[in-house]
Amino acid sequence: MSRLHFFFFPLMAQGHMIPTLDMATLVASRGVKATIITTPLNESVFSDSIERNKHLGIEIDIRLITFQAVENDLPEGCERLDLVPSPELFKNFFKATAMMQEPFENLVKECHPDCIVSDMLFPWSTDSAAKFNIPRIVFHGTGFFALCVAESIKRNKPFKNVSSDSETFAVPNLPHQIRLTTTQLSPFDLEEEEAIIFQIFHEVREAYLKSYGVIFNSFYELEPDYFEHYTKVQDNKSWAIGPLSLCNRDIEDKTERGKKSSIDKHECLKWLDSKKSSSIVYICFGSGVKFTGSQIQELAMGIEDSGQEFIWVIRERKFKQENEDSCLPEGFEKRTKEKGIIIRGWAPQVLILDHEGVGAFMTHCGWNSTLEGISAGVPLVTWPLFAEQFLNEKLVTDVLKIGVGVGSVKWELVASEGVKREEISKAIKRVMVSEEAEGFKNRAKEYKEMAKQAIKEGGSSYNGLTNLLQDVSMYGTKID
Ligand code: UDP
């Protein structure tokens, strides 16, 4: 039989491209041909790692498709989700991604891959795959728990039973009692048909249910009940092959993920080396979250009040609101000079999390960050904002019991709705220094060990990948 060939086509957003690169690396390390499809601006996200892999005998190809930004009234070079200048333009971005279908199909015609692993946000790729009689496999970039909860909400609409936004409702037919409020749901969950996101996600869901299967960046031992539940409830196949980030073993791979790091890795490690074990709170909200100035101020005061040492990643705000003054409270940096580092820009997140000096991770609960924290054995302080982040928070706080929330209750694209410094400081102290801290730490360490075992030869995720390769090789006849 000829060598299998996988196409990987991620959405152009850091949280989607980073795990896809890891996925391509894993697949290629099993002798499969892997080709990543992206746009010219995003080539650099992959190229250094592809080059490093080449020296290890792991071959990954990259093919580029033009992205029609200007034609869709986006600024020139706006080829990545975090570069979209305002939320109103997200629909233009998705229109431009849909225009990639034709050039993408030309590539399929030219290369004859055996399957397409494409982003959930490219629903049209299900049709592309069908045209060539090859399987489309969806990469959601989230876990079993979140998909099970979202699907139950979609089918049962439990939010219709509450009389106010702040009243909690139980999500039915799940292995655990999960309670949410209406404010934590997306416009898609709430079926607000006029919302931009509604139409896109409607198509996404239809296409995903029709697809051959779903790859999960997760591992069986993390969410066994939801792995089983998903398999029972959904018709398509699923393979858990994560945590994907664990394929990055050396310092270079852990540092250069997605973007060039804004801090020198040696400087960062030297600072961490000088600290006591489990004494640092690492604070980072992924690639896309924006905060208003007043919320940043509140966060700064919460960090200071907690008395804990920290590394805080602050990103430039794109959707700046009127009347916002400077972000940090007067004198904050001077007062905390000995206690913390502020990274303005991009942090070497996995490198930091894997250092034994880190004792907790304050995160927006993007799935990659959540899983990277879990893989590092670090308790989490959760501050979800949008996408499926509120669901990931529930997994962390209510099911795994390895973290504490700051009390974020509103689904919003910019963090502006008053999480107060007292709540922030309280949540940090609970995971770092309270009587419960040891329990959080021990449970987090257990999941770290399970994650390590899962990716080893014979482990659940290792076998998940073997099954995926077998399933694809047995799918239909290869077209040449
Ligand atoms: N990341 C990073 N440095 C940063 C911010 C983010 O390396 O300063 C990486 C992080 O390790 C993760 C990804 O970017 O792999 C963010 O994905 P996630 O799903 O957590 O959040 P999103 O950005 O999609 O909201």
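All of the numbers you see were taken from the coordinates with simple rules; none came from a lab. Computed from a predicted model, the values in this text were never measured in an experiment. Here the Cβ is made from the backbone with ideal geometry for all residues, glycine too, and neighbour counts use every protein chain on show.
Dipole magnitude of the chain about its Cα centre, charges +1 at Lys/Arg Cβ and -1 at Asp/Glu Cβ only, in debye to the nearest 20?
It comes to approximately 860 debye.
Among DSSP bridges having both ends in the stretch 259-451, what percentage is antiparallel? Round to the nearest 5.
Counting DSSP beta bridges with both partners in the stretch 259-451, the antiparallel share is about 0 percent.
Compute the angle between helix 196-210 and the longest alpha-carbon principal axis of the chain, please, reported from 0 to 90 degrees and rounded to the nearest 10.
The answer is roughly 50 degrees.
How much mean residue ellipticity at 222 nm does the chain get from its helices, if each DSSP H run of length 4 or more adds -39500 (n - 2.57) and you divide by all residues, to the nearest 500 deg cm²/dmol?
Value at 222 nm, helices only: -12000 deg cm²/dmol.
What shape does the stretch 388-474 have by the C-alpha gyration tensor, where a ≥ b ≥ c are the square roots of the eigenvalues, rounded means a/c under 1.5, and otherwise prolate means a/b greater than b/c and oblate the rest?
Taking the square roots of the gyration eigenvalues as a ≥ b ≥ c, the stretch 388-474 is oblate.
Run through the stretch 1-78 and list the GluC sites (Glu not before Pro) located in a DSSP loop whose Cβ has at most 10 other Cβ atoms within 10 Å.
Qualifying residues, ordered by number: GLU76.
Which shape class applies to the chain: rounded if a/c is under 1.5, otherwise prolate when a/b exceeds b/c and oblate if not, where a ≥ b ≥ c are the square roots of the Cα gyration tensor eigenvalues?
rounded
Rounded, prolate or oblate for the stretch 259-451? Axes are the square roots of the Cα gyration tensor eigenvalues, ordered a ≥ b ≥ c, and the cut-off for rounded is a/c under 1.5.
It comes out rounded by the Cα gyration axes.
Count the DSSP beta bridges whose two residues both fall in the chain, then state the antiparallel fraction as a percent rounded to the nearest 5.
So the antiparallel bridges in the chain amount to around 5 percent.
Treating only the Cβ of Lys, Arg, Asp and Glu as charged (+1, +1, -1, -1), what charge dipole size does the stretch 14-122 show about its Cα centre? Round to the nearest 20 debye.
320 debye
Highest mean first, what order results for 83-89, 163-169, 26-32, 374-380 on Cβ atoms within 10 Å?
Ranked by mean Cβ neighbours within 10 Å, highest first: 374-380, 26-32, 83-89, 163-169.
Tell me the label-point distance for the pair LYS259, GLU330, using the 7 Å Cα-to-Cβ offset, in nm and rounded to one decimal.
So the label points at LYS259 and GLU330 sit 3.1 nm apart.
Helix 437-455 against the longest principal axis of the chain: what's the angle in degrees, Cα atoms only, rounded to the nearest 10?
20 degrees
Taking Cα atoms, how many degrees apart are the long axis of helix 293-306 and the longest axis of the chain, rounded to 10 and kept between 0 and 90?
Once rounded, one gets 60 degrees.
Less than 15 Å from a label point 7 Å out along the Cα-to-Cβ axis of ALA195: which backbone N atoms in the stretch 64-92 qualify, by residue?
Those under the cut-off are 87-88, 90-91.
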